[in-house]
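Only the coordinates and a few stated rules stand behind these numbers; no lab work does. All values reported here derive from a predicted model rather than from experimental measurement. A quick note on method: Cβ atoms are made from the backbone with ideal geometry, for glycine too, and the neighbour counts reach across all protein chains shown.
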Amino acid sequence: MKALYVRLLRALRGVLRTTGLLRLLDRWAARSRTGLWVRSWLSIYDLDELVRHDVPWWTFDAADRVEAFLRARPGARALEWGSGASTVWLAARCAEVVSIEHDVDWAASMRPVLPTNAELRVVPPGDARTRLTREVVASAKPGFADLDFADYVAEVDRVPGVFDLVVVDGRAREACLERAVGRVAPGGLVVVDNVDRARYRDAIARVEARLGGRARVTWTRGRTPTLPYPTRTALLEPSP
């Protein structure tokens, strides 16, 4: 169903381009948030177009809050699990971005658009069926049951220092979130996307409980690039 939806939108984009109507949509997008939202529907899973739109794939509300946060922290360092248009968006607003990606093919498509201040670390998952000496870190995403994301999650330990912003938007997000909290600079921020899913909200609740109330969570819900329906992105501010 998802593949059919994407094909239909790509076909519609082609028709609009041929008729000249896509140019009108682009003009609307340049001057209006609503126009940008509608135009982005035609850009779903199109990395080049999303980079051109200059949007991360979070709620617009979350993106606005993160942009204001980064504006107040010049020279910010950002880390993300899960690369994409957000990597380029962050690189335009941070001094340094480190992105950890599990998908080798997707990483290859990312490299041509990466700015010089963005580093892409590719850590493919292992085979969970062959892990005998340590605990497997699984992803609940359908089709990923036999994969182990332990190395992917732990790659952050190979990156020195702390980060002003950590984005959890890849695989095994529950485990990544647990790791993220310990790597955030004082006053820093953690972005957790797609918290429509109960397992991600539960993971945030566990972090809140572990921190003993020393965390503030902002739940955003609303318009999101490429999607004609609202989604949710959470912003977690751990206190020292």
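General observations
- Value of relative contact order over the chain, rounded to a whole percent, pairs C-alpha under 8 Å and six or more apart: 19
- Whole-angstrom gap from the stretch 9-27 to the stretch 85-157, using each part's C-alpha centre: 34
- Using θ = phi - 60° and Karplus 6.51 cos²θ - 1.76 cosθ + 1.60, couplings along the stretch 213-221 (whole Hz; Gly, Pro as x): x, 8, 7, 10, 10, 10, 9, 9, 9
- Sorting 20-27, 179-186 by their mean Cβ neighbour count within 10 Å, with the most densely packed peptide first, gives 179-186, 20-27.
- What the phi angles of the stretch 191-208 give under the Karplus curve with 6.51, -1.76 and 1.60, with θ = phi - 60°, is a coupling list of 9, 10, 8, 6, 7, 4, 7, 4, 5, 6, 5, 5, 5, 5, 4, 5, 5, 4 Hz, glycine and proline written as x.
- Vicinal HN-Hα couplings computed from phi for the stretch 67-82 (Karplus, 6.51 cos²θ - 1.76 cosθ + 1.60; Hz; Gly/Pro x): 4, 5, 4, 5, 4, 7, 10, x, x, 5, 9, 10, 10, 9, 9, x
- Each of the peptides 208-221, 162-175 was scored by the mean count of other Cβ atoms within 10 Å over its residues; in descending order, highest first, they stand as 162-175, 208-221.
- In this simple spin-label model, placing a label point 7 Å from the Cα along the Cα-to-Cβ direction at both Glu208 and Val6 gives a separation of 3.4 nm.
- In this structure, the amide hydrogen of Asp169, modeled 1.01 Å from its nitrogen in the peptide plane, lies closer than 5 angstrom to those of Trp81, counting only residues at least 5 positions away or on a different chain.
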